[in-house]
Amino acid sequence: MEYKQLEHLLHNMSLEEKVGQMVQLPAGMIAKEGVITGQIDNLHLPKEQKALIGSVLGLTGAKDLREMQENFMAEHPHHIPLLLMYDVINGMETIFPIPLGQGCTFSPELVEQAARVAAKEATASGLHVTFSPMLDLVRDARWGRVMESTGEDPYLNAELGKAMVRGYQGSGKGETLDLTKEGNIAGCVKHFAAYGAPLGGREYENVELSERTLREDYFPAYQAAIEEGCVMVMTSFNTLNRIPSSGNKWLMRKVLREEMGFEGLLISDYSAVDEMINHGIAADSREAAKLAILAGVDMDMVSNAYIRYLAELVRSGEVEERLVDEGCMRVLKLKNDLGLFENPFKDGSVEKEQEVLLCREHRSLARDMAAKSFVLLKNEDILPLKKNANSKVALIGPYADTVEMYGAWSFPKKPELSVTIKQGMEAKGVELVAAKGCFMQDEDKQAKVGQKDTYTKEELEALMKQAVEAAVSAETVVLCLGEHREYTGEGGSRADITLPKHQMELLHKVAKVNKNIVTVVFSGRPVVIPEVVENSKAVLMVWMPGTEGGNAVADVLYGDVMPEGKLSMCLPRSVGQVPIFYNKFRTGRPNEEGTRVGFIHGYIDESIYPLYPFGYGLTYTSFGYSEVTLSKETMAKEEILTATVTVSNTGKREAVETVQLYLTDVKGSVVRPVKMLKGFQKVSLKPGECKRVQFEITEEMLRFYTIDMEYVSEPGEFYVWIGSDSDTKNKASFRLV
Ligand code: NOJ
């Protein structure tokens, strides 16, 4: 449809019809039951009002969505199609590793491909929009939703966020954005802004950040995804500077629209408009609606506000109709950009679903990506495992034979088609004895929703006994431990991020009879595992690896695929260290040793360093780094400096290393971070092979918000670090003049 026709349509719509477009309701309210993630509001709305809404969330399936769309359009006075949205976070039916694991791949290419697959499956299932990418920077592992972010670094998050947008919207490799094309789905950057910084890691908690930190660390990933062309943005639940995002005019109208140049559709988070009543800045739903529209929220996700009060607010003169026209037009425009006026079902088709969902090609990518998201933390000459006859493995633990490895934000309709670790190991043809050992959850700490583990003391003891017997009978133990997937995700904050106590008991029992332990850790966050590391010869973090988790774990354990993941968040030594992140600010009383003695930075009873730093990860070979050489010692603002290292494979197996570039601004007009990631490159090296790796450093990479809040660089000394993780000591320096 031409833009003119859209304007004509808008012109012919009544105020109620226009407001209707700005409302999203859950599928359960107008069709069959769908997935609903928040509190279900009891919106007792008249049928005529529901018949005017613009969008539905939470239902998938080509057949059901087609039926719903047909019925809905037949009733609508202008036959305007619904926009159909869903949380496709790390895959639709083929489940990829959780975003935190995807972050550990440090691979924009893989992340783009995974998003592409998710888009193909989601559109075949009849969807138009996915509520992804989630680009909240995360520094506090207690927060349940760290699983949904690619991690703690602004640069990495921005690179991977852009990759997701390209994958979803089909705008990779120089292609121009065309959402009508088959397999393209609209993306939605969320949660704007800084939802990832709730105080204490507590879900739905407020956020207190300085504007500098907000702009320098939290905004870049959202901005990058918007610049990459993402067509939707979602507000966040939290406050910033004590203003809830959905009513924050400065954030939405000034930062998002004016500064970041976002022209797409802004949707609130689930019932976030009405939640301004609980926040105490709106007396009622009517006032909440007014605050939201004035702030620039185009679509109200599931609250009472717009659908009940927006038209009235216009009639009473409290809200200009122009604002409704603006919001409604953005909805119509997105529908038009998706081609829904011509084809309201987009790619939704039962045949297509059968063809693409969980197809061989998608599964193979999921397997590859999962393997590359695993982070090898420790390996004392035990991995890779051997496949020969006298190397029997005891596969033990509650994660040894379960398909529940897809994380908190995946809703596969056929989870039984996922591969368990046991199945993956058996497929390698090795001798195996399996034992569950204990239940996933302790009885006193059950997951927020879903399956509970109920058992007697005797049942638990019997499982432990079997596990110990299995461990005695085998050469090596592969111990699969971790947190339940429902210990993470929305509403999944934890104050204690260690592993369940029965699982730790199992570890100690097994360690008493067999020292050759390889522990595979499943989690949706950095968990506190020093005891696990101490009692294992090797530790592999596999996050929530998805549909092909079992095959991918077996591939890496047996060395058919070399591990190459690098931590996208630091792993803390203890909960008390949290929030802990590598790019922290410099202190007046530095503490190189990390353990405090006297009046210096840190704790009396704990190191200031994490157990493993951001960017860390081993493989089955070793790498050597030459010193960093720079093309010049001084750099003028318009010049480009080149930093070079030679990386060599000093071990016996071909493998990939992620070479990381960090910069430090030695002195600034405000305190600067100790180090900042500014680039990374993957290099594949054969044993004995060396490769030169070069990074370009431009003045733009040195900019920050100065004392005058100007985003510029300041002349002076900079350090350039190139190494294998954020703890690298491999440094050179130059001066910006
Ligand atoms: C609330 C979550 O915060 C958001 O991320 C999600 O997209 C919506 N619910 C819809 O499910």
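The values are calculated or read from the model by the stated rules, or taken from the named source; none is laboratory data. These numbers were taken from a predicted model, which means no experiment stands behind them. All Cβ positions, even for glycine, are placed from backbone atoms using ideal geometry, and neighbour counts span all protein chains on display. These area figures cover heavy atoms from the full protein model, side chains too; ligands, DNA and RNA do not enter into them. Shrake-Rupley method; radii C 1.70, N 1.55, O 1.52, S 1.80 Å.
Is it the case that some residue within region 140-151 is modelled with pLDDT of 95 or more, out of contact with any strand residue (DSSP E or B) (no Cβ under 7 Å at 6 or more places or on another chain) and on the phi > 0 side of the Ramachandran plot?
Restricting attention to region 140-151, the residues satisfying the condition of being modelled with pLDDT of 95 or more are 140-151.
Keeping just the survivors that are out of contact with any strand residue (DSSP E or B) (no Cβ under 7 Å at 6 or more places or on another chain) gives 140-147, 150-151.
Filter once more, keeping what is on the phi > 0 side of the Ramachandran plot: 151.
Yes, because at least one residue in region 140-151 is modelled with pLDDT of 95 or more, out of contact with any strand residue (DSSP E or B) (no Cβ under 7 Å at 6 or more places or on another chain) and on the phi > 0 side of the Ramachandran plot.
Among the numbered conditions (1) part of a helix (DSSP H, G or I); (2) touching a residue at least 24 places away in the same chain (Cβ under 8 Å), the only one that ILE281 does not meet is (1). Can you confirm whether region 499-506 contains a residue that is open to solvent by 80 Å² or more (accessible area, probe 1.4 Å) and free of Cβ contacts under 8 Å to residues at least 12 places away in the same chain? Checked region 499-506: no residue is open to solvent by 80 Å² or more (accessible area, probe 1.4 Å) and free of Cβ contacts under 8 Å to residues at least 12 places away in the same chain. Looking across LEU432, LEU376, LEU395, LEU385, one residue alone is touching a strand residue (DSSP E or B) at 6+ places or on another chain (Cβ under 7 Å), crowded, with 24+ Cβ neighbours inside 10 Å and of a type in the set (A, V, I, L, M). It is LEU395. Screening TYR306 against (1) aromatic (Phe, Trp, Tyr); (2) in contact with an Asp or Glu (Cβ under 6 Å, 6 or more places away or on another chain); (3) surrounded by fewer than 22 Cβ atoms within 10 Å (Cβ to Cβ) leaves a single unmet condition, (3). For region 157-188, a tally of residues being of a type in the set (D, E, K, R), over 17 Å from MET232 (Cα atoms) and touching an Asp or Glu at 6+ places or on another chain (Cβ under 8 Å) returns 1. Checked against (1) surrounded by fewer than 21 Cβ atoms within 10 Å (Cβ to Cβ); (2) more than 16 Å from the ligand (Cβ to nearest atom), ASN278 passes all but condition (2). Filtered by the rule that a residue be of a type outside the set (Val, Ile, Thr) and assigned to a helix (DSSP H, G or I), region 161-170 gives GLY161, LYS162, ALA163, MET164, ARG166, GLY167, TYR168, GLN169. Filtered by the rule that a residue be open to solvent by less than 10 Å² (accessible area, probe 1.4 Å) and either in a loop (DSSP other than H, G, I, E, B) or not assigned by TED's automatic domain parsing to the domain that holds ALA122 (or both), region 180-197 gives GLY183, ASN184, ILE185, GLY187, ALA193, ALA194, TYR195, GLY196. Cβ-Cβ contacts under 7 Å between residues 6 or more apart (or on different chains), taken from a first residue in region 420-441 that is under 13 Å from THR476 (Cα atoms) and among the aliphatic types (A, V, I, L, M) to a second residue that is open to solvent by 10 Å² or more (accessible area, probe 1.4 Å) and not in a loop (DSSP other than H, G, I, E, B), are listed as LEU432/GLU426; VAL433/SER473; ALA434/LYS422. Quick check on region 238-258. Is at least one of its residues among the aliphatic types (A, V, I, L, M), under 18 Å from GLY327 (Cβ atoms) and either within 16 Å of the ligand (Cβ to nearest atom) or outside the structural domain of LEU334 (by TED's automatic domain parsing) (or both)? Looking through region 238-258, none of the residues is among the aliphatic types (A, V, I, L, M), under 18 Å from GLY327 (Cβ atoms) and either within 16 Å of the ligand (Cβ to nearest atom) or outside the structural domain of LEU334 (by TED's automatic domain parsing) (or both).
Checking each residue in region 226-237 for being within 14 Å of SER132 (Cβ to Cβ) and within 15 Å of the ligand (Cβ to nearest atom) picks out CYS230, MET232, VAL233, MET234.
Exactly one residue out of LEU417, LEU385, LEU395 is in the same structural domain as LEU567 (by TED's automatic domain parsing) and in contact with a Gly (Cβ under 9 Å, 6 or more places away or on another chain), and it is LEU385.
Please indicate, with yes or no, whether at least one residue in region 389-401 is without any contact (Cβ under 8 Å) to a residue 40 or more places away in the chain and touching a Ser or Thr at 6+ places or on another chain (Cβ under 7 Å).
Taking every residue of region 389-401 in turn, at least one turns out to be without any contact (Cβ under 8 Å) to a residue 40 or more places away in the chain and touching a Ser or Thr at 6+ places or on another chain (Cβ under 7 Å).
In region 200-250, the qualifying residues are those that are hydroxyl-bearing (Ser, Thr, Tyr) and in a helix (DSSP H, G or I), and the one that is nearest to LYS290 (Cα to Cα) is SER246.
One residue is enough: does region 684-691 have a residue meeting the conditions modelled with pLDDT of 95 or more, surrounded by 14 or more Cβ atoms within 10 Å (Cβ to Cβ) and among the acidic types (Asp, Glu)? So far as region 684-691 goes, no, none of its residues is modelled with pLDDT of 95 or more, surrounded by 14 or more Cβ atoms within 10 Å (Cβ to Cβ) and among the acidic types (Asp, Glu).
Taking first residues from region 313-330 that are within 14 Å of HIS11 (Cβ to Cβ) and of a type outside the set (A, V, I, L, M) and partners that are open to solvent by less than 10 Å² (accessible area, probe 1.4 Å) and assigned to a helix (DSSP H, G or I), the Cβ contacts under 8 Å between residues at least 6 apart in sequence or on separate chains come to CYS328/VAL19; CYS328/GLN21. Residues in region 150-170 that are over 14 Å from the mean Cα position of the chain (by Cα) and open to solvent by less than 20 Å² (accessible area, probe 1.4 Å): GLY167, TYR168, GLN169, GLY170. Of the strands (runs of 3 or more DSSP E) contained entirely in region 584-683, those carrying at least 3 residues that are within 27 Å of LEU377 (Cα to Cα) and β-branched (Val, Ile, Thr) fall at 641-649, 655-665.
Kindly check whether there is at least one residue in region 540-555 that is open to solvent by 60 Å² or more (accessible area, probe 1.4 Å) and modelled with pLDDT of 95 or more. No, region 540-555 has no match at all.
Can you tell me which residues in region 478-502 are more than 18 Å from PRO572 (Cβ to Cβ) and more than 16 Å from the ligand (Cβ to nearest atom)? Even if it seems obvious, please write down each step before you answer.
Applying the first criterion (more than 18 Å from PRO572 (Cβ to Cβ)) to region 478-502 yields 478-480, 484-486, 489-491, 501-502.
Passing the criteria: VAL478, LEU479, CYS480, HIS484, ARG485, LYS501, HIS502.
Among the residues of this structure, ALA221 does not count as one that is over 22 Å from VAL129 (Cα atoms) and surrounded by 24 or more Cβ atoms within 10 Å (Cβ to Cβ).
Say we look at region 148-160 and pick out the residues that are in a helix (DSSP H, G or I) and away from the ligand (no atom under 12 Å from the Cβ); which of these is nearest to TYR222 (Cα to Cα)? Going through the qualifying residues, I end up with ALA158.
Take LEU340 and tell me if it is more than 25 Å from GLY229 (Cβ to Cβ), more than 16 Å from the ligand (Cβ to nearest atom), of a type in the set (A, V, I, L, M, F, W, C) and touching a residue at least 24 places away in the same chain (Cβ under 8 Å). Working first, answer last.
On the way: more than 25 Å from GLY229 (Cβ to Cβ): no; more than 16 Å from the ligand (Cβ to nearest atom): yes; of a type in the set (A, V, I, L, M, F, W, C): yes; touching a residue at least 24 places away in the same chain (Cβ under 8 Å): yes.
So LEU340 does not fit the description; no.
Looking across region 127-147 at every residue that is more than 13 Å from the ligand (Cβ to nearest atom) and of a type in the set (Lys, Arg), the one that is least open to solvent (accessible area, probe 1.4 Å) is identified as ARG139.
Looking across region 1-30, the residues that are within 19 Å of SER271 (Cα to Cα), touching a residue at least 40 places away in the same chain (Cβ under 8 Å) and not in a strand (DSSP E or B) come down to VAL19, GLY20, GLN21, MET22, ALA27, ILE30. The set of residues in region 204-215 being within 16 Å of the ligand (Cβ to nearest atom) and surrounded by 19 or more Cβ atoms within 10 Å (Cβ to Cβ) consists of VAL207 alone.
The number of residues in region 224-236 being over 19 Å from ASN184 (Cα atoms) and open to solvent by 20 Å² or more (accessible area, probe 1.4 Å) comes to 0.
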